[in-house]
Amino acid sequence: MQDKEKRRHDAQDAGDRLVARQVREDPFAAAFKATRMPMIVTDPNQDDNPIIFCNAAFERLTGYSSDEVVGRNCRFLQGPETSQEAVTRIRDAVRAGSDIAIDILNYRKDGASFWNALFLSPVRDEAGKIVYFFASQLDFSNVKSREADLAAARHRAEEEVARHTETLEAAVKAKTLLVHEVDHRVKNNLLTMASIVKLQARITKDDVQKRALLAVLNRVEALSTVQRKLFTLDDVSRFDIADFTREMVVDLVGAVGRDDIRLTLDLHPVYVPAVKATPLSLIVNELVGDAVRRGLSDGGGDIHVVVKRLNGHFLIRVQDTSIPVKVDEESAEVGRILLDTSARQVEAKIEKHVDGHRTTVDVTLLVDAAQENSH
Amino acid sequence: MIVEDEMLLAMELESEVEMAGHQVGGMAVSRTQARDLLQSNRPDFAFVDIHLQDGPTGIDVGRDLAAAGIPFVFVSGNIKRLPEDFAGALGAIEKPYTVNGMKNALGYISAIIGGNLDVAPPPSLVLAEDVAVSSLRRHG
């Protein structure tokens, strides 16, 4: 107890000597005392490097009076939340006799904490020996709390965004599932529809009725193929007419099963918007179906199918050579109406040339490049 | 063997298979039924839908068939759902298939099983390699 008291006195004396050494009107000492910047001086040559002087700003900042701090090591400013790493760095700087600028959490007399931008620097005499340590403090709790507020606000915003993203992702997932479910049902229903027609065609004894049913089946199946092809591309809004045509013609000729039908294809991808897929597919279906009805399936022949872009136009050409057979007027008329109606819907022009046994049908329509690429 | 939970579709498929000159040995609507059928009456070939009465168990049926060395194809509205290796299937016929498409697929399957490998697959039959190739293209 006496020891402590003696130390306090020694420190006080050192502080008094320091101030007394200054001429009364010394502007530097006056500035030191009057500045708003909290400052202290410690004496490393005394036991435990005690504070020997503090200014009024330091008293205001910490709540301690000069009497309470002089003779004590600065560590009384530390508290439970003070970073031990910062404390170690300060201790190392003092030991090494070097400057240090560091942010450290300190505590006032009333126990309230504040962020202290500490600058600590040794003061040397002419011989280079450290005689004092000078420390200035700057309370930057406001900045720190604004930083904390900003960080908290950002954190809340990020949480909000994450929550919304999660909701959106869940919604998209639900929508995707729904689309797949609907697609699956549409496909199943188309096949069920086809199965009902097949069943009826199988049961009926009437050839005319059977022919009519198979004609209906043929168009239902064209739509089925469109539906199937719509979902094979990653982009469901576009449809490749050439791909549809290849499958349709190859399957038809394959199923007719005649070696004397020679099929040649000149197909290039032509992407059309999904809304045009059905009429265009029906056009291809009717053109090829017509060639088969006119005798290709009876006597064989050549069939050449072209799907390509030509000078900004889109051309579908079906050319066949076949020995004509007697055509069923009713089914020919149905085919004609379907062809004309579909062509009108997509504003296509149909030109038919018959030259002996060779029949050529050209269907041309303007493909708006923008529309072809649009979604 | 036909493994399909939609009875009307199964019935018409049966008729198409029989019209092509084959006999349908049995029909199953679930994996359980398919397994029983497999044990009691070993088929030469099978058509397998993916979605059955006991869930998306068609792929398991496929693996059972592959393990038993029985060739088969999937018949499904969603062949994207198939695993990359097609669970050992020869290929897949995508619904809604056409009469012509099924006829050509049946012709191709008969030829392959009969040992005639010199036939071109019809567009209606998606082979396992095709999917692997197109998915490689997508990723590449």
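Just so it is clear, none of the values below were taken in a lab; they were calculated from the coordinates. Remember, predicted model here, so these are calculated numbers, not experimental data. Note: ideal-geometry Cβ built from the backbone for every residue, glycine included; neighbour counts use all protein chains shown.
Structure data summary
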| quantity | calculated |
| --- | --- |
| Debye equation applied to the C-alpha atoms of segment A:145-242, log10 I(q)/I(0) at 0.13 Å⁻¹ | -0.68 |
| J(HN,Hα) series, segment B:56-64, from Karplus relation 6.51 cos²θ - 1.76 cosθ + 1.60, nearest Hz, glycine and proline x | x, 8, x, 5, 5, 4, x, 5, 4 |
| Ranking of A:Cys54, A:Cys74 by count of other Cβ atoms within 10 Å, fewest first | A:Cys74, A:Cys54 |
| Relative frequency of Cα-Cα separations exceeding 23 Å in segment A:2-139, percent | 31 percent |
| Amide H contacts under 5 Å for A:Tyr132, placed H, 5+ residues apart | A:Val123 |
| Sites A:Asp48 and A:Arg156 - FRET efficiency at Förster radius 35 Å, r taken between beta-carbons, to 0.05 | 0.15 |
| Unsatisfied cross-links (Cα-Cα over 30 Å) in the set A:Lys198/A:Lys349; A:Lys352/B:Lys103; A:Lys33/A:Lys109; A:Lys198/B:Lys80 | A:Lys198/A:Lys349; A:Lys352/B:Lys103 |
| Charge tally in the Cβ shell below 10 Å around A:Gly300, where Lys, Arg are +1 and Asp, Glu are -1, A:Gly300 excluded | -2 |
| Exposure proxy order (Cβ contacts within 10 Å, fewest to most) of B:Asp64, A:Asp99 | A:Asp99, B:Asp64 |
| Highest-first arrangement of B:3-14, B:35-46, A:240-251, where packing means the average Cβ count within 10 Å | A:240-251, B:3-14, B:35-46 |
| 17 Å reach of a label modelled at B:Asp54, 7 Å along Cα-to-Cβ, counting backbone N of segment B:30-48 | B:30-41, B:48 |
| Residues with amide H under 5 Å from that of B:Val75, placed H, sequence gap 5 or more | B:Val48, B:Asp49, B:Ile50, B:Ile93 |
| Computed [θ] at 222 nm, deg cm²/dmol, the protein assembly as shown (DSSP H ≥ 4; -39,500 (n - 2.57); rounded to nearest 500) | -16500 deg cm²/dmol |
| Spacing of the two label points (7 Å from each Cα toward its C-beta) at A:Gln84 and B:Ala68, in nm | 7.0 nm |
| Summed side-chain charge close to A:Glu85 - residues other than A:Glu85 whose Cβ falls under 12 Å, Lys, Arg +1, Asp, Glu -1 | 0 |
| Residues with amide H under 5 Å from that of A:Leu267, placed H, sequence gap 5 or more | A:Val307 |
| Separation of alpha-carbon centers, segment A:94-146 and segment A:202-262, rounded to whole Å | 87 Å |
| Taking chain A and dividing mean pair separation by its residue count, relative contact order in percent (alpha carbons under 8 Å, at least six apart) | 9 percent |
| Residues A:Asp43, A:Asp206, sorted so that the one with the fewest Cβ neighbours within 10 Å comes first | A:Asp206, A:Asp43 |
| Isotropic mean projected area of the C-alpha convex hull, segment B:2-139 (nm²) | 8.0 nm² |
| Geometric extent, Cα atoms of segment A:235-373 - Rg, Dmax (angstrom) | 14.7, 45 |
| Selected from A:Glu160, A:Glu81, A:Glu221 as most flexible by GNM, with chain A as the system and alpha-carbon contacts under 10 Å | A:Glu81 |
| Karplus (6.51, -1.76, 1.60) ³J(HN,Hα), θ = phi - 60°, over segment A:277-284, in Hz, Gly and Pro reported as x | 4, 5, x, 5, 5, 5, 4, 4 |
| Karplus (6.51, -1.76, 1.60) ³J(HN,Hα), θ = phi - 60°, over segment A:66-77, in Hz, Gly and Pro reported as x | 3, 4, 6, 9, 4, x, 10, 6, 4, 5, 5, 6 |
| For A:Ser331, net neighbour charge (Lys/Arg +1, Asp/Glu -1) across residues whose Cβ lies under 9 Å away | -2 |
| Normalised convex hull volume, the protein assembly as shown, alpha-carbon set, Å³ per residue | 294 Å³ |
